[in-house]
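Written below as structure tokens is the structure these notes are about.
Each value in this text was obtained by applying a stated rule to the coordinates, not by laboratory testing. In this text, all values refer to a predicted model and were calculated from it rather than measured experimentally. Here the Cβ is made from the backbone with ideal geometry for all residues, glycine too, and neighbour counts use every protein chain on show.
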Amino acid sequence: MVFKKDIYNADYLESLGLNIRQMKAVLFAKEKGKITNSDYQTLNSISRETATRDIKELVYKKMFKSSGVKGAGAYYILN
């Protein structure tokens with residue numbers, strides 16, 4: 001049996017340069033299995049534009065992987 005260390009903790013996420021909103025999103029996706037732009041907006045009380053910008057950065061940093069769906073059905077999972 002192999003045990004994997006949980007790398008998705010606050011110290012690790014902070015070391016990657018993620019902001020508080022992004023850290024909350026990673027932990028949300030870890031718990032729920034996915035996150036949408038709408039989830040991100042609600043979780044952080046922010047605009048759609050800010051959520052989109054933050055999520056794009058998380059995809060760029062390879063923390064999130066896009067579902068490939070564009071628009072209303074889009075969601076992101078941990079990479």
Worksheet item: So what is the 222 nm mean residue ellipticity for the chain from helices alone, if each DSSP H run of at least 4 adds -39500 (n - 2.57) and you divide by all residues, rounding to the nearest 500 deg cm²/dmol?
Response: -15000 deg cm²/dmol
Worksheet item: Given the options S67, S47, S15, which has the most mean-square fluctuation in a GNM of the chain, springs set between C-alpha atoms less than 10 angstrom apart?
Response: S15
Practice prompt. Return one number: the angle in degrees, 0 to 90 and rounded to the nearest 10, between the long axis of the Cα atoms of helix 20-32 and the longest principal axis of the Cα atoms of the chain.
Written response: 70
Worksheet item: Helix 48-60 versus the longest principal axis of the chain: what angle, 0 to 90°, nearest 10, using Cα atoms?
Response: 40
Practice prompt. With no solvent and one equal point scatterer per Cα, compute the Debye intensity ratio I(q)/I(0) for region 10-78 at 0.18 Å⁻¹ and report its log10, rounded to two decimals.
Written response: -0.59
Discussion item. Just want the ordering: Y60, Y12, Y76, from fewest to most Cβ atoms lying within 10 Å of their own Cβ.
Written reply: Y60, Y12, Y76
Worksheet, complete the sentence: Percent relative contact order for the chain, counting Cα pairs under 8 Å at least six residues apart, stands at 27
